Structure formats: structure tokens, C-alpha cells
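Shown next, in C-alpha cells, is the structure this report addresses.
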Amino acid sequence: MALPQRHRLRGRRSFDRIHRQGRRYQSPLLSLRVLAAMPLLLPPSERRRAPSPWRCAVAVSTKVSKRAVRRNRLRRSLQEHLRRCAPAADRPQWLLLSLRPGAAEAEPARLLEECTQLIREAGLIP
């Protein structure tokens, strides 16, 4: 199941800002960037939605896998994991989770474990 719309990070300006100013956490298979939310950078259609404690995007490049089906499965798996573990923060956060080359060959359990570890390292879950 995909992330609910209120938890999806969208818009070029928000991605640019999170790349420039976000705090980065890395593991062998994943990279996580975290930034305090800046609602004015969201597209106008997103600003009208109810505020969310966190918004997230999962980026899977063709360097991870050339096959779109495989990339989409990886993205959906991580989105479902994020939805289930629901990061909690004292103020709204934006998350950008990027898969690194080699992630497609890794065991799914290892990928989800590294995701949890990065979110914990960022202080978003206990």
C-alpha cells in the first residue's frame, strides 16, 4: 500500500531544499535526508491539505535497477515500512529516502532493517 497523500513529499522546490539543507544519514544501502518542514515550498494544491507531522519521498534511480518493475517494488516496500513505523517528531519533518546502487540485490529484510536504523539514528523513532 502506498503512503497516504498527506504524507507524500512533492514539488521540485521542496526536493531542492532538502538536498541543499537536509541533514544526511547513510548506510550501505540507503541514504536518508531530514529537514524541518517548510510548507511554503510545497505546491499550492498540497498546502491546502491538513498539516502532517512528516512527509516522505522515496527515490530509486536507474543505478539501483534498470527495471522499472523492480524499482517500483522497492519503493512500495519502503513506503509501506515507513507507513507502519510512522516516524514521530516534535515538529513537522520532511524525509527523503534514497536507495543506493546494490540495494536491489539485497535481502528485503536487510533493506527494511537499515531503513529503521536510519530513522532511529535521525531521532524520529525511539
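Here, each number is a calculation from the coordinates, and none is a lab measurement. Every value quoted in this text rests on a predicted model; they were computed, and no experiment measured them. We place every Cβ from the backbone using ideal geometry, glycine too, and count neighbours over all the protein chains shown.
Of the set (1) out of contact with any His (no Cβ under 8 Å at 6 or more places or on another chain); (2) among the hydrophobic types (A, V, I, L, M, F, W, C); (3) under 17 Å from residue 26 (Cβ atoms), all apply to residue 112 but (1). Of all residues in the range 1-49, those satisfying the criterion of being among the charged types (D, E, K, R) and assigned to a helix (DSSP H, G or I) are 6, 12, 13, 16, 17, 20, 46, 47.
Filtering the range 1-47 to residues that are in contact with a strand residue (DSSP E or B) (Cβ under 8 Å, 6 or more places away or on another chain), of a type in the set (S, T, N, Q), surrounded by 15 or more Cβ atoms within 10 Å (Cβ to Cβ) and under 17 Å from residue 82 (Cα atoms) leaves only 31. In the set 112, 124, 97, 82, only one residue is in contact with a Leu (Cβ under 8 Å, 6 or more places away or on another chain), without any contact (Cβ under 8 Å) to a residue 60 or more places away in the chain and of a type outside the set (Asp, Glu); that residue is 112. Each residue in the range 25-45 was checked for being under 13 Å from residue 94 (Cβ atoms) and in contact with a Ser or Thr (Cβ under 9 Å, 6 or more places away or on another chain), and 7 of them qualify. Looking at this structure, is residue 14 over 23 Å from residue 120 (Cβ atoms), among the hydroxyl-bearing types (Ser, Thr, Tyr) and touching a Phe, Trp or Tyr at 6+ places or on another chain (Cβ under 7 Å)? Against the criterion (over 23 Å from residue 120 (Cβ atoms), among the hydroxyl-bearing types (Ser, Thr, Tyr) and touching a Phe, Trp or Tyr at 6+ places or on another chain (Cβ under 7 Å)), residue 14 qualifies. Can you tell me which residue in the range 70-79 is farthest from the chain's Cα centre (by Cα), limited to those that are surrounded by 13 or more Cβ atoms within 10 Å (Cβ to Cβ) and free of Cβ contacts under 8 Å to residues at least 60 places away in the same chain? My answer is 70.
So that you can scan it fast, the table gives a plain yes or no per residue for (1) under 15 Å from residue 2 (Cα atoms); (2) without any contact (Cβ under 8 Å) to a residue 60 or more places away in the chain:
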| position | (1), (2) |
| --- | --- |
| 57 | yes, yes |
| 106 | no, no |
| 117 | no, no |
| 120 | no, yes |
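Within the range 50-69, being of a type in the set (A, V, I, L, M), under 20 Å from residue 80 (Cβ atoms) and either assigned to a loop (DSSP other than H, G, I, E, B) or within 18 Å of the chain's Cα centre (by Cα) (or both) holds for 57, 58, 59, 60, 64.
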